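Report on the following structure.
The values are calculated or read from the model by the stated rules, or taken from the named source; none is laboratory data. Treat the numbers as computed from the prediction; the structure is a model and nothing was measured. Here Cβ is always computed from backbone atoms with ideal geometry, including for glycine, and neighbour counts include all displayed protein chains.
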Amino acid sequence: MKLESVVVRQLELPLRNPFETSFGRTTSKQFLLVSVSADGLSGHAECVADEDPYYLPETNATVLHVLRDFLVPRAFGIDLAHPRELLPALAAVRGHRMAKAALEMAVWELWARREQLPLYRLLGGTGGEIRSGVSIGLQPSEAALLANVEREVAAGYHRVKIKIKPGRDLGLVRAIRERFRDVALMVDANSAYTLADAALFRELDAFDLMMVEQPLAWDDIFDHAALQREIRTPVCLDESIHSEADARHALDLGACRIINIKVGRVGGLASMQAIHDLCRGRRIPVWCGGMLESGIGRLHNVHLQTLPGFTLPGDTSASARYFEEDLIDPPVSVSARGTIVVPEAPGIGHTIVWSRVERATRFREEWRP
Ligand code: OSB
Ligand code: MG
């Protein structure tokens, strides 16, 4: 298969509620939607980069530049026998994994449509449903956080993750545990702490957390190993893992016992599979993170979580928690049992509503060979 065109749109979708982490606050989701076409069909994927380099270094502007000047010209130059051949063909470009992932995921989606298969089948997953968890941002007050936890537990979600940062950590966890003794609970620090805070994490050991996610620096593995030696709660790495090699180094060093896989962060679905397979072989649980995706990215995440190593609930929750109106019909919904049904239609499996995409589009660029 030879690609005949690549279209990139920058979209803006208002969030129903601001989402706050230790690194910032988002009120509207601004992201790139990548569409690839060949043989009369198209495939679509969204990029997880933001406007700002506050989660990881890539931004919408760097992604657009690297796609236009480096990745798309290389992709036009090859004749693919399978989507997994794309990442090796892009390997001369170092880093820029979010840009690579968006292009590669769109090619996988196109391939699935050509084969008339749901994306999960192409990835080697199984249909049915996946268990869903939620990520709750920093809230204006402890009362607001407790009300949020109560609502999500009542909605049936299988685990609750809260964001923490220095000064807003132990007290919040204690308050939740007092009211919700048995809820499957975890915290995500998004790199807000250092090894000097080890005592805080030892105190958190008392609260039966499933894991603490990315407590230390975004580019660190070594210090996380030192922290993991000091605490009982499993460390989960997010920001620090970009490749199968990173995952191997982290596991060999004992830097974590769980890995959060985000396809955008690891540079594509083939890289996701490699990390998944490594972890499965070592009996390390993985789960799928989220980046406040619209329905298009959300559905990609639904499909990939059907691989057998995704044994823990991920951050993929209902579209309605984020958007008044999603770009897909139907939106992603969560059952009373806290599950999401994996679509059976070809590709991502729900219809993209192009009138909504056009309304959210701020600019558009198209490239041909
Ligand atoms: O660290 O997992 C994270 C959102 C934006 C950037 C980083 C993260 C998150 C989330 C939200 O936790 C997950 C979601 O609900 O999509
Ligand atoms: Mg995280």
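Here are the numbers for this structure:
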item: So Pro215, is it in contact (Cβ under 8 Å) with a residue 12 or more places away in the chain, under 21 Å from Thr26 (Cα atoms) and surrounded by fewer than 14 Cβ atoms within 10 Å (Cβ to Cβ); result: no
item: Test for Ser191: is it closer than 27 Å to Ile241 by Cβ, within 16 Å of ligand 2 (Cβ to nearest atom) and in a strand (DSSP E or B); result: no
item: Qualifying residue in the range 274-286 (condition: surrounded by 20 or more Cβ atoms within 10 Å (Cβ to Cβ) and touching a residue at least 60 places away in the same chain (Cβ under 8 Å)); result: no
item: Those helices (runs of 4 or more DSSP H) lying entirely in the range 224-308 with at least 1 residues under 14 Å from the mean Cα position of the chain (by Cα), in the same structural domain as Asn190 (by TED's automatic domain parsing) and not charged (D, E, K, R); result: 263-266, 269-281, 295-304
item: Conditions (1) within 16 Å of ligand 2 (Cβ to nearest atom); (2) surrounded by 15 or more Cβ atoms within 10 Å (Cβ to Cβ); (3) farther than 13 Å from Leu103 by Cα; number of the one not met by Gly24; result: (2)
item: Selection from the range 325-363 of residues that are over 23 Å from Leu269 (Cα atoms), more than 16 Å from ligand 1 (Cβ to nearest atom) and part of a loop (DSSP other than H, G, I, E, B); result: Glu325, Pro330, Ser335, Ala336, Arg337, Val353
